[in-house]
Every structure is written in structure tokens, then in C-alpha cells.
Amino acid sequence: MRSIPSGVVGFAALALLVFATACQQIPPAPLSAEDGARRIEARSLADPALGTCLEERFGRPTNPWPPTRWSLEDLTRVAICFNPTLAVARATADVARAHERTVAQLPNPIFMVQPFYVANGVASGAAPWFSQFNLSGLIETAGKRAHRRAAAEAGARMAEAGTITAAWTIRGQVSQAAIALRAAAGRSASHARIAALLRRRAELLAHRVEQGYAARSEVAVARRDLLQAESQSATARRLESQARANLATTLGLPSEALVGVSLADELDQDLADELADDLDRPIGGEVGDGSAGGGAGPPEAWTRAATLDAATARHVALIGRADVRAALADYDAAEANLRLQLAQQYPNITFGPAYKYDKSQNDYGLALSVELPLFSRNAGGIAEAAATRDLVAARFDALQTRILSEVDTAAEALETARQEALRARALVAAAEQADTIAARQLDAGALDRATYLTTRLASARVAVAAIDAREALQLAIARLELAVQPPGPIADLLAAGDRG
């Protein structure tokens, strides 16, 4: 019996060697619940790992470390490093980019060996074995591979835009949670001040009862008011703790990590006055023009959306928001998939050389196979892809309609908050004037201390109302920023965090 030619054996051995050496090796990465819990519980704003993350993602060290006060931009960077929702969005984008590489790969050729044994070969004196070898490759027609790559590329763009959308969502959560915490802390301090004033007033009235200058009913009313104020103070402290926990959750930190942390208040009084006074027009021009109402200088980065007029705000949101870009990419993917399904009407071709060794004979040939589209011309796949494209287009229209409603609602809420802030500022000014007059009357002996404390109490209660109005104004700005997602420092910050 004559052996198989050495060239064929050598080719098969070479193919196996190339296959074995080209395989990638990725070490296992076990996941432990205990390790994850320890890592999360150890997070804090002073964590060196956070400092490293901030430097790597945003390209500049934070000095001094840790900061003594944390602004909204600082807290946004922390959330970009620690918030798990953004980590999931990044991982989803990585999967989409990996899929893009997958569909870009060329199909490998197929090498097939078919050994045959002839049962009566020994009796006839012929060799009982012969072998056949086929090498075939797939030839895709009608641009199917290009359409798959276009769909995968659009899917990757959609996932990357989804990451920016997730970052904006987290930005909105961080800003609103930080504003709520600052307001809760202010209310807690104000209610504690009110309770302290009522305590002094109750003690003063009790002393006057002992002196015979006041009725016991006045003391009873004062003590009732004190108990009510102490209850309100306790509630305010509880709400402050809840607000701190909410901000910590948004940042991806344990609640204890924010105890004793000082938050900066970006809305300085001059800017607050500008926002409160300007009830008929925006503070300045379009984003990036560096103007502000009254020539006070450029607005804070987080108030940038409030500088847009209504038409510009709608246009920026409807054209530039990340979820709009994601929806457009989704439509591109649906369009590419429809082109692919149309191309599937045309059969692919499998082509390659063939070799057969039989009875000491070397036979060479060509193998060609084509699918015959007799029963299916992919009509179902085409109809489904066309319907999917229409569905994505309808979703895009619904998205832009919702965005328009969000921007208009947020803009109207900001106008209302501006008016409330203006009224609160007037109340505070009146209360301060009343305090000044009462203090002068007390010094001149024209006012008793109990009445003076009553005036101070009225001012303290006005301060609580002012905190509420200030919080409403800041929340309205933050919600408008989230609705518009304007280009500028915040958008650059979020994009830098996504690329990190």
C-alpha cells in the first residue's frame, strides 16, 4: 500500500501548528462577594485610589488631597470614578466595540479530510484505504459583510452615546442630591436655631412668671412651641441624614464617607440675585459666549443651560443630547440590518480546491456549492427588518417629543423658582431690617427682651423659607441643565471621564 504524499501530511501538520500557536490565553478572573463588599465599604473621599482615578481620567492631580471643600464638578468626577451604573454603561460599550471587531473578521477557510475504507479491497488486491481532501472558503455576495460591519459600528456608537447619557443622568443625580443635602443641612441648622431661641424665650417667660410679670398660660404656650420646634429640628436632622445617604449612593460611596464633608455652594449671592431678578429674559447669550446679565462675568459651569433663550435651549437639546445621538445610531443600525436582510436574498458561494488519493492515483479538482433559493428569498427577515426600522424611527420621534417637553417644563419651573427666590430675598431683607430696628429698641430700653426674641424668631423662620426658595432655584437650574445637556465644561468633563 502506498502512503499518503508527504506534502499533504506536512500541510495538515502545519495547519494544526498554526492553529495551536495562534490561540489567545486569558487567565481566569474569579469574582468574590466578600472582596467586593470590602472594597466598596472602604471607599471614601480621602481614598488614594480615588485620587489616582481622578488624575488618570482627568489628567491633573487634585492638590491638596483630599480637598477641603467639594464642588458639584468635584463630586461629578467622584461619581464618574465610583458610580456602578456608569461602570455598567462603559462595559456595555466595550462589548459593543468588541462585537464590531467580531463582525469585521473574515471567515476562515475549511479544510476537510475524508478517509474511506473499501470493504472488498483486500480480496481484490487493491489498497483498502483512500483519502479525499477539500479546502473551501466562503464568498459572501451582495456586500453582506459590509452591511454587518455598518450595523455593528452603529451599535458601538449607540453604546458609546449611551455611556454619555448615563454620565449625564448621574450628573443630574449628583447635582440634585448635593443641592438637597446643602439645603437639608441649612434647614437643620435653622431649626436648631429656632429651638434655641424658643428655649430662651420659654426660660425668660418662666422667670417673669416667678416675678409676677407674666401669666402661666404664656409659659405653657411657649413650652408647646418649644416642643414643636424640637420635633421639627429632629425631623430636619433625620432628613439631612437621608440626603447625605442619597448623595453617597449616587457617588457610589458608603454613607459614612460623607460625614463631616464640606460642600461648596456654587450659586454665590451675586449670581443668585441675577437669576432671581431676571424674570423676563435669560442671563446672557448662547453657550460659550462668556456673557452674563449685568456684565457680571461668565456664569458658573452648572448654570450654563440657564443662559440660553427658549428657542436655543430646545435646539441644543433636540440636536445635541447624547440620547438623541444614541437614537440616531440605533436607526443607522436598523437601516444597515435592513440592507443586510435584503442582501440575504442572494446566496453565498462556497468555493475551493479538492484532492483525492485513490489506488495510488492523485486526483485534483474544484468544489463549488451554492444555496438554491427555491423555498425562501428571506421575505420574513426583510419584513421584520423593515418593521424594526419603522419602530426605531417612531421611538426617535417620541424621544424628541419627550425632550421638548422636558426642556419646556424645566424652563417654566426655573422661571417660577426665580420669582420665589425674589420674594424670599425681599422677605429676608425685611426681616433683617426688623431685626436691626428691634435691636436698637432693645438697647434704648424701648423693647423688652421677650418681644425682641419674638422678632428674632420671625427672622429665623424667614431664613428657613429662604433656604427652601434657594433650594428650589438651584434644583430648577440643575434640572434644566439635565434636560438641555448643553455643550461646555460639564459636557467636556463627562466626555473626559468616559474616555478615561
- request: Report the residue count in the range 190-214 for those that are out of contact with any Asp or Glu (no Cβ under 9 Å at 6 or more places or on another chain), part of a helix (DSSP H, G or I) and without any contact (Cβ under 8 Å) to a residue 40 or more places away in the chain.
  value: 5
message: Quick test for you: out of 409, 436, 454, 416, pick the one residue that is without any contact (Cβ under 8 Å) to a residue 12 or more places away in the chain, open to solvent by 60 Å² or more (accessible area, probe 1.4 Å) and of a type in the set (Ser, Thr, Tyr).
response: 436
- prompt: In the list 178, 184, 166, which residue meets the criterion of being surrounded by 14 or more Cβ atoms within 10 Å (Cβ to Cβ), in contact with an Asp or Glu (Cβ under 8 Å, 6 or more places away or on another chain), hydrophobic (A, V, I, L, M, F, W, C) and on the phi < 0 side of the Ramachandran plot?
  reply: 184
- prompt: Can you tell me which of 323, 332 is touching a residue at least 24 places away in the same chain (Cβ under 8 Å) and either out of contact with any Leu (no Cβ under 9 Å at 6 or more places or on another chain) or part of a loop (DSSP other than H, G, I, E, B) (or both)?
  reply: 332
query: What are the pairs, 6+ residues apart or on separate chains, where a residue within the range 167-186 that is under 20 Å from residue 233 (Cα atoms) and touching a residue at least 60 places away in the same chain (Cβ under 8 Å) has its Cβ under 7 Å from a residue that is outside any helix (DSSP H, G or I) and hydrophobic (A, V, I, L, M, F, W, C)?
result: 181/263; 182/263
- line: Within the range 484-500, the residues that are over 13 Å from the mean Cα position of the chain (by Cα) and at pLDDT 80 or above are 484, 486, 487, 488, 492
message: Against the definition (assigned to a strand (DSSP E or B) and polar (S, T, N, Q)), how does residue 108 come out, yes or no?
response: no
message: So residue 121 passes all but one of these: (1) over 28 Å from residue 349 (Cα atoms); (2) at pLDDT 90 or above; (3) open to solvent by less than 20 Å² (accessible area, probe 1.4 Å). Which condition number does it fail?
response: (2)
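Residue 377: open to solvent by 70 Å² or more (accessible area, probe 1.4 Å) and charged (D, E, K, R), yes or no?
Against the criterion (open to solvent by 70 Å² or more (accessible area, probe 1.4 Å) and charged (D, E, K, R)), residue 377 qualifies.
Would you mind stating whether residue 463 is under 30 Å from residue 87 (Cα atoms) and either in a helix (DSSP H, G or I) or open to solvent by 50 Å² or more (accessible area, probe 1.4 Å) (or both)?
Values: under 30 Å from residue 87 (Cα atoms): no; either in a helix (DSSP H, G or I) or open to solvent by 50 Å² or more (accessible area, probe 1.4 Å) (or both): yes.
The answer is no for residue 463.
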query: Name the residues in the range 215-256 that are open to solvent by 20 Å² or more (accessible area, probe 1.4 Å), touching a residue at least 24 places away in the same chain (Cβ under 8 Å) and not in a helix (DSSP H, G or I), would you?
result: 254
task: Go through the range 336-374 residue by residue and tally those that are free of Cβ contacts under 8 Å to residues at least 12 places away in the same chain and crowded, with 17+ Cβ neighbours inside 10 Å.
output: 0
query: Among the candidates 61, 84, which residue alone is under 21 Å from residue 493 (Cβ atoms), loosely packed, with under 13 Cβ neighbours inside 10 Å and at pLDDT 90 or above?
result: 84
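The values are calculated or read from the model by the stated rules, or taken from the named source; none is laboratory data. Treat the numbers as computed from the prediction; the structure is a model and nothing was measured. Every residue, glycine as well, gets a Cβ built from its backbone with ideal geometry; the counts of neighbours run over all protein chains shown. Accessible surface areas use protein heavy atoms only, side chains included; no ligands, DNA or RNA. Shrake-Rupley method; radii C 1.70, N 1.55, O 1.52, S 1.80 Å.
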